[in-house]
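Have a look at the structure below, then the notes.
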Amino acid sequence: MNADTTVTAIFIKTFTITATASTGGTITPTVIAYYGTDADFTMTPDAYYHLLDVKADGVSIALVNPYTFTYVTSDHTIEAIYEQDPPDRVTRTIKDNITLLLSSSFSNPNRQDTLLNKLDAVIALITGGDYLAALDKLQNDILKKTDGCHNIGHPDNNDWLTNPDCISQSQLYDAIVYLIGRLQEM
């Protein structure tokens, strides 16, 4: 090997884009981006949280989700800031989930509408600032109609949501307990 050899090396510069998220959600991914490429980031709130702000390189930007750094030529940061949903919004989410259930999931076909009406009353109490009455309705009325799976592992005679697999009832029970906790903080 005495012949001259030519070697060409191409160096591609890379940049780090650091992604962080406050409590209440995630942002993905943190990446190493190559010079001139795009880097996409997706923000995902946890249950009962919403995206409040997104900051790119420390500056608030519009709530763009996903967000793209285009033609990357330097290091960057991106931050997702989340906020807990207010109790009336949590209650509306619970209502939305109940409307997705089949009426056959209930002990009586009218129970679904009645439960939705009870939650409307809770929303009215919350928006009117009567948190104690909302708590009372949740703890002493609604929760007792959804607690069999939690207490004994299957729907009991007082439960309105009676799917034997307990999945829907457990999710509803957990959501109501979460809402009760939020109202107790107020």
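Observations, loosely collected:
- Matching residues in the range 26-59 - criterion: being at positive phi and touching a strand residue (DSSP E or B) at 6+ places or on another chain (Cβ under 6 Å): Asp57
- Residues in the range 115-173 that are out of contact with any Asp or Glu (no Cβ under 7 Å at 6 or more places or on another chain), of a type in the set (Lys, Arg) and modelled with pLDDT under 95: 1 in all.
- Test: residue in the range 21-36 that is assigned to a loop (DSSP other than H, G, I, E, B) and more than 28 Å from the chain's Cα centre (by Cα): yes
- Selection of the range 1-15 for residues being without any contact (Cβ under 8 Å) to a residue 60 or more places away in the chain and either in contact with a strand residue (DSSP E or B) (Cβ under 6 Å, 6 or more places away or on another chain) or under 17 Å from Lys55 (Cβ atoms) (or both) yields Ile12, Thr14.
- Scan of the range 157-186 for residues that are free of Cβ contacts under 8 Å to residues at least 24 places away in the same chain, farther than 25 Å from Pro87 by Cβ and crowded, with 17+ Cβ neighbours inside 10 Å, ordered by number: Cys166
- Leu100 being within 21 Å of the chain's Cα centre (by Cα) and within 21 Å of Tyr48 (Cβ to Cβ): yes
- Among the residues of the range 69-94, the ones that are in a helix (DSSP H, G or I) and either touching a helix residue (DSSP H, G or I) at 6+ places or on another chain (Cβ under 9 Å) or modelled with pLDDT of 95 or more (or both) come to 7 in all.
- The residue of the range 138-184 that is nearest to the chain's Cα centre (by Cα), among those that are under 20 Å from Leu100 (Cα atoms) and among the acidic types (Asp, Glu), is Asp174.
The values are calculated or read from the model by the stated rules, or taken from the named source; none is laboratory data. None of the values given here were measured: they were computed from a predicted structure. Counting neighbours? That spans all protein chains shown, and the Cβs are built from the backbone with ideal geometry, glycine included.
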